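Please treat every number below as a calculation from the coordinates, not as lab data. Bear in mind the structure is a predicted one, so any value in this text is a computation, not a measurement. Cβ sites come from the backbone with ideal geometry, for glycine too, and all protein chains shown count toward neighbours.
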Amino acid sequence: MKLWGGRFTKPANQLVDEYTASIHFDKKLAHHDIKGSLAHVRMLKKCGIVTENDADMIVDGLQSVANKIEHGEAELIEEHEDIHMNVEKLLIDEIGPVGGKLHTGRSRNDQVALDMRLYLREVVLELVQLLTDVQESLYKQATANVDTILPGYTHLQRAQPVLFAHHMLAYLFMFQRDVERLDDSLKRINKMPLGAGALAGTTFPIDREYVARELDFDGVCENSLDAVSDRDFVVEFLADASIISMHLSRLCEEMVQWSSAEFNFIELDDAFCTGSSMMPQKKNPDVPELVRGKTGRVYGHLTGMLTTLKGLPLAYNKDMQEDKEGMFDTAETLRGALALFAPMIETMHVKKESMYAAVRQDYSNATDLADYLTGKGMTFRESHEAVGNIVLHCIHQGKYLLDLSLNEFKSFASLIEADIFEALSPEAVVNARKANGGTGKESVRNQLEQASELLREN
Ligand code: ARG
């Protein structure tokens, strides 16, 4: 018999039960649901809405239901649709009709909003921790590579050399913004919706602030219609998760490229790679590939949730039950990726010599030759033209800038002196970028200090 069966003349069609039930996924919220109910019934008791005796029985009953669920001893069934009705039914089975007083002054609509918020704030805190671990691993690689020079790219064409530490720190600062975004989202997640009832509030003399304090919320939702209607805090989480996934995916793409024979810049530890069923020589960077691939499902959940909500009139609509699976899957997906990422980065072998050899075999010091000429009095446009000619000459000759003799240099620009050879060395080129935020060693040391400060605060 349904808990809401009074108005009905016959049982629901079996297919309807199956189609509308959410218990197979929202059972994940069992713990949060019971936690919320405990706070609710304590408030009912405190406000004299339910007698002490009854409230105490309900508290005990909820605790034993929680125990049974935890130990797999409770049957959560489709007939009771979702976690809220299942828990209430189990409670009534446990302590009898007095269990029916739990739902006084409450609706599943404010209850489910509460459960979602309780769940999500835990997830957010966990993801912040996992992101911080990834930042730590990037910090370690950066510290170990303040002397490692590799080509920096634009358009995936070699552009100017950079320090590998600089490259690692770029991601560290991206993940810092992700941490800050998640932290900030807690302001909006951590508001208590109970008391909204189904949509209009409740006639009982409840104390919402008491419930909020019991459950460590920062305050209560201001408007009952808003409290049960919106899931913007879920959308925001999915958006934050999408940005994190995008950042992870870009780093993954670089790791995949860098692992190839063509780049040969890193080697991932064997523990983070897999082999081929056919080709014995293969060592594939499956982990970064899969993290990159899973970005799609996270973006999908964001788009899905936005689309589900876009046409809904106030207040609660059953459509909103679709808010859960995407949220759960996103949490799971990020948890999996981030947990692998920190050890994968930390154990990654950086092929310093190979990076350096790449820098020696490119024209990524051409800007510095132009800057040199500008320093000697040419306009930048003139020096750009002259250096373009020199590079073209080198390409025809199969040479790089540092292979030219002083006389060859002078035949293009008489202003060039013997100090050019030092000025064009990879070390000099990198270190010339002293300005704050640049790739020069001083600036990178400064960034490392800023990063370590951030990590101490996170
Ligand atoms: N299972 C529902 C959900 O997740 C709970 C709220 C149901 N409320 C209702 N009036 N049917 O959205």
Taking VAL16, VAL50 and counting other beta carbon atoms within 10 angstrom, the fewest-first order is VAL16, VAL50
For the chain, the Cα convex hull volume per residue in Å³ comes to 202
The size of the Cβ-based charge dipole (Lys, Arg +1; Asp, Glu -1) of the chain about the Cα centre, to the nearest 20 debye, is 600
If ASP240, ASP371, ASP184 are placed from fewest to most neighbouring beta carbons inside 10 Å, the sequence is ASP184, ASP371, ASP240
The rounded separation in angstrom of the Cα centers of segment 245-287 and segment 333-402 is 23
Note, segment 184-194: 3J(HN,Hα) by Karplus (6.51, -1.76, 1.60, θ = phi - 60°), whole Hz, Gly/Pro = x, goes 5, 5, 4, 4, 8, 6, 7, 10, 9, x, 4
Scattering profile of segment 361-457 from the Debye formula, Cα beads only, expressed as log10 I(q)/I(0) at q = 0.14, 0.15 Å⁻¹, is -0.57, -0.63
Of the residues PHE380, PHE409, SER443, the Cα lying farthest along the dipole of the chain towards its positive end, which is defined by charges on the beta carbon of Lys, Arg, Asp and Glu, belongs to PHE380
Taking r as the C-beta separation of GLN397 and LYS283 and R0 as 60 Å, the FRET efficiency to the nearest 0.05 is 0.95
Listed with the fewest Cβ neighbours within 10 Å leading, THR202, THR374 appear as THR374, THR202
For the chain, longest principal axis from Cα atoms; helix 380-397 axis from its Cα atoms; angle between them, nearest 10 degrees, is 80
Once normalised by the length of the chain, the mean sequence separation of its alpha carbon contacts under 8 Å that are 6 or more apart gives a contact order in percent of 16
1/(1 + (r/R0)^6) with r = Cβ-Cβ of LYS318 and GLU180, R0 = 35 Å, i.e. FRET efficiency to nearest 0.05, evaluates to 0.50
Of all DSSP beta bridges having both residues in segment 84-242, the percent classed as antiparallel (nearest 5) is 75
With label points set 7 Å from each Cα along the Cα-to-Cβ direction at ALA271 and MET246, the distance between them in nm comes to 3.3
Computed over the chain: longest principal axis from alpha-carbon atoms vs helix 30-46 long axis, angle to nearest 10 degrees, is 50
Amide H contacts under 5 Å for MET192, restricted to residues at least 5 apart in sequence or on another chain and with H modeled in the peptide plane, are GLY219, VAL220, CYS221
antiparallel share of DSSP beta bridges within the chain, to nearest 5, in %, is 80
Phi-derived 3J(HN,Hα) across segment 331-336 with the Karplus relation (6.51, -1.76, 1.60, θ = phi - 60°), rounded Hz, x for Gly and Pro, is 4, 4, 5, 5, 4, x
ARG7 and THR307 label points (each 7 Å along its Cα→Cβ direction) are spaced in nm at 3.1
Once the dipole of the chain is set up from charges on Cβ (+1 Lys and Arg, -1 Asp and Glu), the residue from the list HIS393, VAL112, ILE95 lying farthest towards its positive end is HIS393
Per the rule of 0.36 nm per residue minus the C-alpha distance, extending LYS187 to THR379 adds in nm 63.8 nm
Whole-number value, in Å³ per residue, for the convex hull of the alpha carbons of segment 5-104 is 99
What helix-only [θ] at 222 nm does the chain give? Using -39500 (n - 2.57) per DSSP H run of at least 4, over all residues, to the nearest 500, the answer is -20000 deg cm²/dmol
